[in-house]
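The values are calculated or read from the model by the stated rules, or taken from the named source; none is laboratory data. What you see is a predicted model; the values in this text were computed from it and never measured. Virtual Cβ from ideal backbone geometry, glycine too; neighbours counted across all protein chains shown.
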Amino acid sequence: MVDQALAREWIGKADEDFKYAEASLKEIEGFYSQICFHFQQAAEKYLKAFIVAFELEFKRIHDLIQLLEICREEESSFEGIREDCIFLNRFYTDTRYPVHWPTQYTVVEGKKAYEAAGRVRTFVNGLLTGVLQRGKE
């Protein structure tokens with residue numbers, strides 16, 4: 001039996017990251033690396049919510065492309081958010097660890113991350129709405 005409560009928990013955690021980053025982008029000047037990181041985290045958790053909901057192989061990874069591929073095993077239309085996942089994927093490492101390439105993020109990247117994570121959010125929530133509603137009945 002699919003654990004719909006767990007899938008809803010993943011959505012809740014994803015929404016927290018998304019809303020935190022969204023509010024920070026609107027209210028705070030600077031800290032764009034952290035904002036981009038939270039948008040990446042939101043996308044990761046939305047993908048994991050889908051994986052949990054459909055009892056797909058759950059991996060403790062942060063690579064959005066690998067998570068997307070797992071989701072595609074159930075739903076091929078995930079291909080439509082591939083570019084968003086590619087864009088957001090770099091923010092997991094670049095924003096948290098010293099790297100040997102430029103990582104000075106600006107409000108432009110923050111806004112792009114917001115849009116990309118928003119598309120992932122809308123897409124996954126659209127697919128899960130019916131599934132999670134059935135779990136409440």
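Observations
- Of all residues making up region 17-28, the number that are among the charged types (D, E, K, R) and touching a residue at least 12 places away in the same chain (Cβ under 8 Å): 2
Listed here are the residues, each with its yes/no results for (1) within 23 Å of A7 (Cα to Cα); (2) among the polar types (S, T, N, Q).
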position: E27; (1), (2): no, no
position: R72; (1), (2): yes, no
position: R119; (1), (2): yes, no
position: T122; (1), (2): yes, yes
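- When we screen Y92, Y105 for residues that are of a type in the set (S, T, Y) and more than 15 Å from the chain's Cα centre (by Cα), the only hit is Y105.
- Among the residues of region 3-58, those identified as basic (K, R) and under 15 Å from the mean Cα position of the chain (by Cα) are R8, K13, K19, K45, K48.
- Restricting I51, I61, I65, I35 to residues that are β-branched (V, I, T), crowded, with 24+ Cβ neighbours inside 10 Å and out of contact with any Pro (no Cβ under 8 Å at 6 or more places or on another chain) narrows the list to I35.
- Selected residue [in a helix (DSSP H, G or I), crowded, with 19+ Cβ neighbours inside 10 Å, out of contact with any Pro (no Cβ under 6 Å at 6 or more places or on another chain) and at pLDDT 95 or above] from K45, K13: K45
- Odd one out for C85, checked against (1) over 18 Å from A23 (Cβ atoms); (2) more than 14 Å from the chain's Cα centre (by Cα): (2)
- In region 75-106, the residues that are surrounded by 13 or more Cβ atoms within 10 Å (Cβ to Cβ), assigned to a helix (DSSP H, G or I) and either in contact with a helix residue (DSSP H, G or I) (Cβ under 7 Å, 6 or more places away or on another chain) or aliphatic (A, V, I, L, M) (or both): F78, I81, R82, D84, C85, I86, F87, L88, N89, F91, Y92
- Where a residue in region 64-81 is under 17 Å from Q40 (Cβ atoms) and its partner, wherever it lies, is β-branched (V, I, T) and in a loop (DSSP other than H, G, I, E, B), with Cβ under 9 Å and at least six apart: L67/I61
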